[in-house]
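*Asks:* Handing you a structure now.
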Amino acid sequence: MANRKRVLITGAAGFLGSHLCDRFIKEDYHVIAMDNLITGDLRNIEHLFKLENFEFYHHDVSKFVYVPGELHYILHFASPASPIDYLKIPIQTLKVGSLGTHNLLGLARSKKARMLIASTSEVYGDPNVNPQPEEYWGNVNPIGPRGVYDEAKRFQEAITMAYHTFHGLETRIVRIFNTYGPRMRLNDGRVLPAFIGQALRGESLTMFGDGSQTRSFCYVDDLVEGIYRLLFSDYALPVNIGNPDEITIRQFGEEIIKLTGTDQKLVSLPLPVDDPKQRRPDITKAKSILGWEPKISRSEGLKITYEYFKSLPEKEILHKDFTYYNKQ
Ligand code: UDP
């Protein structure tokens with residue numbers, strides 16, 4: 001249909017990008033998906049290829065981006081997004097958040113499209129205030145192992161606001177807190193796939209430090225709903241989207257042990273450098289501006305996610321290496 005609105009989603013083959021593709025297809029948009037497939041996986045969007053309102057570009061947005069035809073919205077979700085990724089592909093992480101964002105802002109400007117960028121709770125670093133409101137400026141180590149991600153995302157926010165104020169571009173900034181659900185990479189090193197993978201393989205669950213650090217986990221469908229509402233709001237300043245239900249990593253490990261029925265225990269390994277001690281979103285803004293709050297409890301979301309991981313081919317569950325590593 002010629003009159004469908006056209007949306008470009010970068011990082012489309014990744015965890016969040018693929019769920020966003022599904023949502024915009026469901027809303028009858030024409031979806032232009034883009035990914036360089038370093039950490040993304042085409043299997044996440046394979047089911048969409050047969051649709052006439054879906055197309056895929058295998059492209060790295062750190063290089064000049066060209067998309068023919070009209071474009072109404074751009075959602076920039078391309079980025080490695082786990083601490084292990086930052087260690088293995090630090091330069092790409094920096095480039096996609098900085099050069100990639102610049103390219104896409106230029107594209108948005110030339111197409112008169114509205115651009116939404118995926119920022120992160122990592123802009124708050126190892127926060128000294130809890131929960132974190134959008135006004136908090138953060139406590140980030142620029143040269144630590146997470147610096148490549150944190151600073152790229154902070155630059156991304158800065159350049160996006162500059163395009164907004166200087167060029168009058170319509171922009172939206174979502175600060176995403178820890179999110180989970182089907183299509184996470186089993187081996188990306190993040191705590192949830194790590195624990196579930198270990199439980200499925202009958203290994204001990206590797207808790208870093210004494211497990212007293214906290215996180216607040218949001219189910220992916222809730223996150224997508226928040227992003228969708230933000231895109232169509234008229235609010236250009238950053239908005240936190242996450243689930244404020246905070247839990248220690250030790251408690252979280254115990255929940256996974258219960259959920260999976262494994263007879264394994266938590267073992268403590270050294271805490272990675274600059275690992276934030278606490279994290280919980282203040283979602284006052286999302287509630288008042290977007291009328292949004294999460295609906296799916298951790299126990300509900302974890303059940304769905306566990307079923308997904310269990311359904312993966314056995315050889316994938318047993319394979320512990322980082323699959324993207326050979327693709328570079
Ligand atoms: N973590 C852990 N065991 C693991 C992986 C992570 O205890 O096998 C901890 C990690 O130290 C951090 C928390 O779980 O405190 C969340 O880590 P993740 O990498 O998922 O995301 P982060 O929120 O740190 O970016």
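*Asks:* Helix 298-310 versus the longest principal axis of the chain: what angle, 0 to 90°, nearest 10, using Cα atoms?
*Replies:* Value to nearest ten degrees: 90.
*Asks:* Okay, next question. What distance in nm lies between label points placed 7 Å from Cα along the C-beta direction at Ser311 and Leu51?
*Replies:* Distance between label points: 1.8 nm.
*Asks:* Can I ask one more? Run a plain Debye calculation on the stretch 177-223 (Cα atoms as equal point scatterers, no solvent) and give log10 I(q)/I(0) at q = 0.14, 0.17, 0.20 Å⁻¹, rounded to two decimals, same order as the q list.
*Replies:* With no solvent term, the Cα-only Debye profile gives -0.37, -0.55, -0.74.
*Asks:* Something else about it: Quick one: which residues, 5+ away or cross-chain, put their amide H under 5 Å from the amide H of Cys218? H built at 1.01 Å from N.
*Replies:* Thr179, Tyr180, Asn243
*Asks:* On to the next question. Using DSSP to define loop residues, name the GluC sites (Glu not before Pro) in the stretch 92-165 whose beta-carbon has at most 16 other beta-carbon atoms within 10 Å.
*Replies:* Glu135
*Asks:* What net charge is computed for the residues neighbouring Gln156, neighbours being all others with C-beta under 12 Å from the C-beta of Gln156, Lys and Arg scored +1, Asp and Glu -1? Can you show the working numbers first?
*Replies:* On the way: positive: Lys95, Lys153, Arg154, Arg175; negative: Glu122, Asp150, Glu151, Glu157.
With Lys, Arg at +1 and Asp, Glu at -1, the net is 0.
*Asks:* Ok, one more. Please report the antiparallel percentage of DSSP beta bridges with both residues in the chain, rounded to the nearest 5. Intermediate values should be presented prior to the final figure.
*Replies:* On the way: 3 of 38 bridges.
Antiparallel bridges: around 10 percent, rounded to the nearest 5.
*Asks:* Tell me, Lys285, Lys277 in order of fewest to most beta-carbon neighbours within 10 Å?
*Replies:* Lys277, Lys285
*Asks:* OK, next. Over the Cα atoms, compute the radius of gyration (one decimal) and Dmax (the largest Cα-Cα distance, rounded to a whole number) for the chain, in Å.
*Replies:* Cα only, the chain: 18.9, 58 Å (Rg, Dmax).
*Asks:* Along the stretch 97-110, what does the Karplus equation 6.51 cos²θ - 1.76 cosθ + 1.60 (θ = phi - 60°) give for ³J(HN,Hα), rounded to whole Hz, x for Gly and Pro?
*Replies:* x, 9, 4, x, 5, 4, 4, 6, 5, x, 5, 4, 5, 5
*Asks:* Right, something else. Give me, ordered by chain and number, the residues 5 or more places off Asn139 or on other chains with an amide H under 5 Å from its own placed amide H.
*Replies:* Amide H neighbours of Asn139: Gly125, Asp126.
*Asks:* Same structure, new question: In deg cm²/dmol, rounded to 500, what helix-only [θ] at 222 nm does the chain give when every DSSP H run of at least 4 residues adds -39500 (n - 2.57) and the total is split over its residues?
*Replies:* Mean residue ellipticity at 222 nm (helix-derived): -11000 deg cm²/dmol.
*Asks:* How many angstrom lie between the Cα centre of the stretch 116-161 and the Cα centre of the stretch 192-252?
*Replies:* If you average the Cα positions of each part, the centres end up 16 Å apart.
*Asks:* Among residues other than Arg175 whose Cβ falls under 14 Å from its Cβ, what is the net charge (Lys/Arg +1, Asp/Glu -1)?
*Replies:* Once positives and negatives cancel, what remains is 0.
*Asks:* Which whole-Hz couplings ³J(HN,Hα) result when phi for each residue of the stretch 153-165 is put into the Karplus expression 6.51 cos²θ - 1.76 cosθ + 1.60, θ = phi - 60°, listed in order with x for Gly and Pro?
*Replies:* 6, 5, 4, 4, 5, 5, 6, 5, 5, 5, 5, 5, 7
*Asks:* Grab the other residues whose beta carbon is less than 13 angstrom from that of Asn103, score K and R as +1, D and E as -1, and report the net.
*Replies:* +3
*Asks:* Counting other beta carbons within 10 Å of each residue's own, what order do Leu290, Leu16 fall into, fewest first? It would help to have the intermediate numbers written out before the result.
*Replies:* Values: Leu290 20, Leu16 24.
The most exposed by this proxy come first: Leu290, Leu16.
*Asks:* Something else now. Please list, ordered by chain and number, the residues whose modelled amide H lies under 5 Å from the amide H of Leu271; skip anything fewer than 5 residues away on the same chain.
*Replies:* Those lying under 5 Å, H to H, from Leu271 are Gly209.
*Asks:* Hey, got the dipole for the stretch 112-271? About the Cα centre, +1 on K and R Cβ, -1 on D and E Cβ, debye to the nearest 20?
*Replies:* For the stretch 112-271, the charge dipole is close to 420 debye.
*Asks:* For the stretch 181-274, run through the chymotrypsin sites (Phe, Trp or Tyr not before Pro) and keep only the ones in DSSP coil with at most 13 other Cβ atoms within 10 Å of their Cβ.
*Replies:* For chymotrypsin sites (Phe, Trp or Tyr not before Pro) across the stretch 181-274 that sit outside H, G, I, E and B with at most 13 neighbouring Cβ atoms in 10 Å, the list reads Phe232.
*Asks:* Over the chain, what is the relative contact order in percent, taking alpha-carbon pairs closer than 8 angstrom and at least six residues apart? Intermediate values should be presented prior to the final figure.
*Replies:* Details: 653 pairs, mean separation 56.6, N = 328.
The normalised contact order for the chain reaches 17 percent.
*Asks:* Same structure again: Which of the GluC sites (Glu not before Pro) across the stretch 184-276 are loop residues per DSSP, with 16 or fewer other Cβ within 10 Å?
*Replies:* Sparse-neighbourhood loop GluC sites (Glu not before Pro): Glu203.
*Asks:* Evaluate the relative contact order of the stretch 136-223 (contact order divided by residue number), counting alpha-carbon pairs under 8 angstrom at least 6 apart; express in whole percent.
*Replies:* Relative CO of the stretch 136-223 lands at 24 percent.
*Asks:* Sorted from fewest to most neighbouring beta carbons within 10 Å, what does the list His19, His319 look like?
*Replies:* Details: His19 21, His319 15.
Ordered by Cβ neighbours within 10 Å, fewest first: His319, His19.
*Asks:* What angle, in degrees between 0 and 90 and rounded to the nearest 10, separates the Cα long axis of helix 220-231 from the longest principal axis of the Cα atoms of the chain?
*Replies:* Once rounded, one gets 30 degrees.
*Asks:* Starting at the first residue of the stretch 194-203, write each ³J(HN,Hα) from the Karplus equation 6.51 cos²θ - 1.76 cosθ + 1.60 with θ = phi - 60°, in whole Hz, x for Gly and Pro.
*Replies:* Listing the rounded values in order: 4, 5, 5, x, 5, 4, 5, 8, x, 9 Hz.
No value in this document is a laboratory result; all are computed from the given coordinates. Just so it is clear, the model here is predicted, and its values are computed rather than measured. Reconstructed Cβ throughout: ideal geometry from the backbone, glycine too, with neighbour counts over all protein chains shown.
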